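In what follows, a structure is listed as structure tokens, so that the remarks can point back to it.
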Amino acid sequence: MAKRKVVLLGSTGSIGTSTLKVAEDLPEQLEIVALAAHSSVDLLAQQAKQTGVKHVALYDSSKESDLRAALPEDVNIHLGSEGLLEVSTLADADMVLVAIVGTAGLEPALAAIDAGKDLAVASKEILVMAGELVMQAAADKGVNILPVDSEHNAIFQCLHGHGGGEREVSRLILTASGGPFRQTPAEALKSVTVEQALKHPTWEMGRKITIDSSTLFNKGLEMIEARWLFGIGMEKIDVIVHPQSIVHSMVEFVDGSVLAQMSHTDMCFPIQYAVTWPDRVRGGLKPLDFAALAKLEFEAPRYDDFPALNLARRAGTVGGSMPAVYNAANEVAVDAFCDGKIAYPEIWGVVEKTMDEHQTVASTDLAALIQADAEAREKARELCQS
């Protein structure tokens, strides 16, 4: 394959650091040409020196002088939201990998698409908030949207060579680890602490996504994301709990056959496939030892005790701005829980009440989506304070 030149947005987070490891393992196939971070100046500067990039973006412009002092003089610094747009449209890049938590990656993603760049998506919020808009923009520009999330990447791999869409596909089955409270009685969820919610049994991730994994909001966001990535109705997207996290997701076809993608719980696997697609290359990743695995378990989610999944199905079915509201209210509620303002089960309650009071608008208008997002955040904050 020809060497792929990648802009990495969110380089200092867990996905970003894993991407840099993949790039280090594949120097002939992958070159990082720009890095972007929110405010982690020291790590960003260290990464820039290691990769030799000539462009870095820092969202927190107040730290410009610190970053300038830590970088070689020939490195260009791009600041704020405008800086993210600048590096996302660099002429010598052919792919932008978006690993920014939250909705801050949406406008850079759209800018990258408009500039003709392939987009590797690790930020669920981009497709949850504006899936219809993003997928239509990509189709118009003839660029590829490549999923980095392990679940969507697994489905992407299983669907390779099957272009029949809903004519061939019966179900998309997203796997969930079940989080730290998979077997916790419903009554005990009222007393869950932040520390307990941050102890994920399988994956090592950032604060927001770890809390979301415990509430299953992470899986709800993935359901909505899958609806747009693969053009499948919400009624054909299911979730199964799989504690070992070896099967990353499955596709059931209309003839009853099921294809599954399996690998160790290492985000380097989906990242490598996304940035080297359509090729498969030998990197530094370890294959499975099936004898050592011994067993794989599956069980149904506890929909009543973890209502994030039902709320996601409702948001994805209603469509329009409702998925953006689902996402925005959850972000506010997670922050409120982490700050000790609400109890753990109230995360679900805040999202449901915010959705109940929202008047849905069409999702093809970016300004309307941004407004719906802002209004949902304000409503969710009011609910958290009350």
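Here are the numbers for this structure:
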read-out: Some residue of the range 327-350 being buried (at least 23 other Cβ atoms within 10 Å of the Cβ) and assigned to a loop (DSSP other than H, G, I, E, B); value: no
read-out: Leading residue by the ranking (surrounded by the fewest Cβ atoms within 10 Å (Cβ to Cβ)) among those in the range 137-158 that are part of a loop (DSSP other than H, G, I, E, B) and either β-branched (Val, Ile, Thr) or within 19 Å of the chain's Cα centre (by Cα) (or both); value: 144
read-out: Yes/no for residue 133 being without any contact (Cβ under 8 Å) to a residue 60 or more places away in the chain and either of a type outside the set (Asp, Glu) or closer than 19 Å to residue 4 by Cα (or both); value: no
read-out: Scope the range 351-386; condition within 26 Å of residue 194 (Cβ to Cβ), in a helix (DSSP H, G or I) and polar (S, T, N, Q); matching residues; value: 354, 385
read-out: Strands (runs of 3 or more DSSP E) enclosed by the range 1-119 - at least 1 residues per element that are free of Cβ contacts under 8 Å to residues at least 24 places away in the same chain and closer than 28 Å to residue 374 by Cα; value: 76-79
read-out: Some residue of the range 246-254 being surrounded by fewer than 23 Cβ atoms within 10 Å (Cβ to Cβ), in contact (Cβ under 8 Å) with a residue 24 or more places away in the chain and not hydrophobic (A, V, I, L, M, F, W, C); value: yes
read-out: Test: residue in the range 223-232 that is open to solvent by 20 Å² or more (accessible area, probe 1.4 Å), in contact with an Asp or Glu (Cβ under 8 Å, 6 or more places away or on another chain) and among the aromatic types (Phe, Trp, Tyr); value: yes
read-out: Residue match in the range 122-138 (condition: farther than 29 Å from residue 319 by Cα and touching a Gly at 6+ places or on another chain (Cβ under 7 Å)); value: no
read-out: Selection within the range 128-158 - among the hydrophobic types (A, V, I, L, M, F, W, C), at pLDDT 95 or above and farther than 22 Å from residue 93 by Cα; value: 154, 155, 156, 158
read-out: Residue pairs meeting the criteria (Cβ under 7 Å; at least 6 apart or on separate chains; first aromatic (Phe, Trp, Tyr), in the range 290-304; second in a helix (DSSP H, G or I) and at pLDDT 95 or above); value: 303/309; 303/310
read-out: Matching entry among 373, 356 (being acidic (Asp, Glu) and closer than 26 Å to residue 15 by Cβ); value: 373
read-out: Selection count, the range 214-249, where residues are among the hydroxyl-bearing types (Ser, Thr, Tyr) and not in a helix (DSSP H, G or I); value: 2
read-out: The range 159-174 - residue that is open to solvent by 10 Å² or more (accessible area, probe 1.4 Å) and outside any loop (DSSP other than H, G, I, E, B) and, of those, farthest from residue 254 (Cα to Cα); value: 173
read-out: Some residue of the range 185-196 being assigned to a loop (DSSP other than H, G, I, E, B), within 15 Å of the chain's Cα centre (by Cα) and surrounded by fewer than 20 Cβ atoms within 10 Å (Cβ to Cβ); value: no
read-out: Residue count for the range 298-326, restricted to those that are part of a helix (DSSP H, G or I), of a type outside the set (Gly, Ala, Ser) and surrounded by 24 or more Cβ atoms within 10 Å (Cβ to Cβ); value: 3
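The values are calculated or read from the model by the stated rules, or taken from the named source; none is laboratory data. Here the structure is a predicted model, which means the values were calculated and not measured. Quick reminder, even Gly has a Cβ in these numbers, built from the backbone with ideal geometry, and neighbours come from all protein chains shown. Please note that ligands, DNA and RNA were not included when accessible areas were found on the heavy atoms of the full protein model with its side chains. Shrake-Rupley method; radii C 1.70, N 1.55, O 1.52, S 1.80 Å.
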